[in-house]
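Student: Handing you a structure now.
The values are calculated or read from the model by the stated rules, or taken from the named source; none is laboratory data. Fair warning: this is a prediction, and the values are worked out from it, not measured in the lab. Using ideal geometry, Cβ is built from the backbone for each residue, glycine included, and neighbour counts are taken over all protein chains shown. Quick note on the areas: whole protein, heavy atoms, side chains included, nothing else; ligands and nucleic acids left out. Shrake-Rupley method; radii C 1.70, N 1.55, O 1.52, S 1.80 Å.
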Amino acid sequence: MSPSIAILGAGNMAGAMVDGLLASRGPEALCCFTASGRSAQALAQRTGIRAAQTLEELLATASVLVVAFKPQHLAAADAKLSALTAGKLVLSVLAGKRLSALQKVFPQARNIVRAMPNTPSRIGAGMTGWCALRPLDPSDRDLVQNLLAAMGREIEVPEDRMDALTAVSGSGPAFVFEFTAALRDAGVAAGLEPALAETLAVETVLGAGRLQARRGVAPEKLRDEVTSPNGVTFAGLRRLAAGNFRALIADVVQTARARSEELSRD
């Protein structure tokens, strides 16, 4: 089978996407390329997909190009991409890069999709928001949704919501990981052995997330189900409130959104 999905880039996001896609299609359907070739070769060796030696080879048989290099490199993208992506569907995962900027680099693409997956895509548990330059025809819509669904859930949003979405679900896993690390360290400070504290923190975050997804109710309701008046959890929640925990998280998300907006102007 000739590769049908070309991936330009081989960093963490590209790797997460490849891992997710391999659960639903064989490695022969995927091909990657980087200018230096080193990271592409490393990704190919790890996953079994093919690493192309040139842009021409990457795009020769591909119907879709996934753009997954560093966002700041878009302005210096190879001019050959304009002709090489003529008639192809381009799907970008470059944080903060708007459809108008992508269209300048890929003016002959049949359509352009801006998507923001997150790293849980690596295990098929991702959350990806996306928007398209023009309304997608039914076959391309199915293609985009199937491509993104291979990595988890997908949702179409207006482009003016993409920076906020990037801050919540794109950056969100890093915030959750940081919270997990803080919970682990707090456990150690409270007297637990480090390995035990880490197991408890990771499994607690995992279980709480699963419970939220399964119950389908507001997180505040689940919080209240754990909390007894004047109990242990109540005391901890009061300390969170005293420390303006929600205001801090709101500031974190606003800061991430602002950076996404800055990237879109660069």
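Student: Considering only helices (runs of 4 or more DSSP H) fully contained in region 1-66, which possess at least 1 residues that are open to solvent by less than 10 Å² (accessible area, probe 1.4 Å) and of a type outside the set (A, V, I, L, M)?
Tutor: Counting at least 1 such residues, we get 12-21.
Student: What residue, of ARG259, ARG238, ARG265, is modelled with pLDDT of 95 or more and open to solvent by 80 Å² or more (accessible area, probe 1.4 Å)?
Tutor: The match here is ARG238.
Student: Suppose the filter is surrounded by 13 or more Cβ atoms within 10 Å (Cβ to Cβ) and in contact with an Asp or Glu (Cβ under 9 Å, 6 or more places away or on another chain); does THR166 pass it?
Tutor: Here the answer is no, as THR166 does not meet what is asked.
Student: So, of the residues in region 116-150 that are part of a loop (DSSP other than H, G, I, E, B) and more than 19 Å from ALA167 (Cα to Cα), which turns out to be most open to solvent (accessible area, probe 1.4 Å)?
Tutor: Across region 116-150, the extreme among qualifying residues is PRO135.
Student: Here is a further query. Can you name every residue in region 100-115 that is closer than 20 Å to SER63 by Cα and not in a loop (DSSP other than H, G, I, E, B)?
Tutor: If the condition is that a residue be closer than 20 Å to SER63 by Cα and not in a loop (DSSP other than H, G, I, E, B), then LEU102, GLN103, LYS104, VAL105, ASN111, ILE112, VAL113, ARG114, ALA115 are the ones that fit.
Student: From the list LEU240, LEU248, LEU263, which one is among the hydrophobic types (A, V, I, L, M, F, W, C) and in contact (Cβ under 8 Å) with a residue 40 or more places away in the chain?
Tutor: Only one candidate qualifies: LEU263.
Student: With the condition kept exactly as written, say whether any residue in region 175-186 is of a type outside the set (D, E, K, R) and touching a residue at least 60 places away in the same chain (Cβ under 8 Å).
Tutor: Among the residues of region 175-186, at least one is of a type outside the set (D, E, K, R) and touching a residue at least 60 places away in the same chain (Cβ under 8 Å), which makes the answer yes.
Student: Where the second residue is open to solvent by 50 Å² or more (accessible area, probe 1.4 Å) and the first is part of a loop (DSSP other than H, G, I, E, B) and lies in region 205-227, which pairs have Cβ atoms under 9 Å and are six or more apart or on separate chains?
Tutor: THR227/THR233; THR227/PHE234; THR227/LEU237
Student: Please identify the pairs in which a residue from region 105-125 that is small (Gly, Ala, Ser) has its Cβ atom under 6 Å from the Cβ atom of a residue that is surrounded by fewer than 17 Cβ atoms within 10 Å (Cβ to Cβ), counting only partners at least 6 apart or on another chain.
Tutor: GLY124/ALA23
Student: Hey, another quick one. From the list THR180, THR166, which residue is within 23 Å of PRO117 (Cβ to Cβ), part of a helix (DSSP H, G or I), touching a helix residue (DSSP H, G or I) at 6+ places or on another chain (Cβ under 9 Å) and modelled with pLDDT under 95?
Tutor: One residue alone meets the criteria, THR166.
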